[in-house]
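The values are calculated or read from the model by the stated rules, or taken from the named source; none is laboratory data. Treat the numbers as computed from the prediction; the structure is a model and nothing was measured. Note that each Cβ is placed from the backbone with ideal geometry, even for glycine, and that neighbours are counted across all protein chains shown.
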Amino acid sequence: MAIKTITPVKLTIDSASTFTYEAATSATDGFEIPFDYKDHRAVLMITSTEDSAAKTLTIKAGNGFQAGNDLVVSCAAAATMAVPLDSGRFKNVSGTYKGSIIAIPETVKVKCQLLYAQY
């Protein structure tokens with residue numbers, strides 16, 4: 001299987017926007033999330049279609065000088081969560097996924113989408 005590249009959704013100020021969650025092709029490969037946005041204008045939305053138990057999404061630490069540890073987000077069954085992301089901590093600045101954030105779901109039932117406000 002291959003990593004799933006998410007196409008971020010641009011939000012317009014004073015306007016409602018629709019978006020759909022993306023599912024990973026495989027839980028092992030996860031998501032590549034292109035990230036060229038200001039931190040305070042971007043949020044990763046996570047939803048779980050699991051009916052019985054919480055599942056996790058691991059947002060991998062980037063490879064820049066501000067990178068720290070991975071962030072593991074637990075998403076309750078059938079829940080939706082919002083996670084603002086710090087590009088300094090999670091964005092890859094070199095290598096195969098340069099300019100992107102990598103997220104690995106526990107199961108393909110954990111879906112996500114990046115929303116950003118452009119103003």
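Could you tell me whether any residue of the range 34-43 is exposed (fewer than 15 other Cβ atoms within 10 Å of the Cβ), acidic (Asp, Glu), closer than 17 Å to residue 116 by Cα and modelled with pLDDT under 95?
Yes, there is a match, as at least one residue in the range 34-43 is exposed (fewer than 15 other Cβ atoms within 10 Å of the Cβ), acidic (Asp, Glu), closer than 17 Å to residue 116 by Cα and modelled with pLDDT under 95.
Within the range 71-86, is there a residue that is in contact with a Cys (Cβ under 8 Å, 6 or more places away or on another chain), surrounded by 14 or more Cβ atoms within 10 Å (Cβ to Cβ) and either of a type in the set (Lys, Arg) or on the phi > 0 side of the Ramachandran plot (or both)?
Checked against the condition, which is being in contact with a Cys (Cβ under 8 Å, 6 or more places away or on another chain), surrounded by 14 or more Cβ atoms within 10 Å (Cβ to Cβ) and either of a type in the set (Lys, Arg) or on the phi > 0 side of the Ramachandran plot (or both), the range 71-86 yields no hits at all.
Which count do you get for residues in the range 8-25 that are surrounded by 10 or more Cβ atoms within 10 Å (Cβ to Cβ) and either under 13 Å from the mean Cα position of the chain (by Cα) or closer than 19 Å to residue 82 by Cα (or both)?
The total comes to 11.
Under 6 Å by Cβ, and 6 or more places apart or on different chains, what pairs join a residue from the range 6-17 that is under 22 Å from residue 33 (Cβ atoms) and at pLDDT 90 or above with one that is part of a strand (DSSP E or B) and of a type outside the set (A, V, I, L, M)?
6/22; 6/31; 8/116; 10/118
So in the range 98-119, with the set limited to residues that are in contact with a helix residue (DSSP H, G or I) (Cβ under 7 Å, 6 or more places away or on another chain) and surrounded by fewer than 21 Cβ atoms within 10 Å (Cβ to Cβ), which one is nearest to residue 54 (Cα to Cα)?
116
Could you count how many residues in the range 15-37 are part of a loop (DSSP other than H, G, I, E, B) and either out of contact with any Phe, Trp or Tyr (no Cβ under 8 Å at 6 or more places or on another chain) or under 18 Å from residue 4 (Cβ atoms) (or both)?
Matching residues across the range 15-37 total 16.
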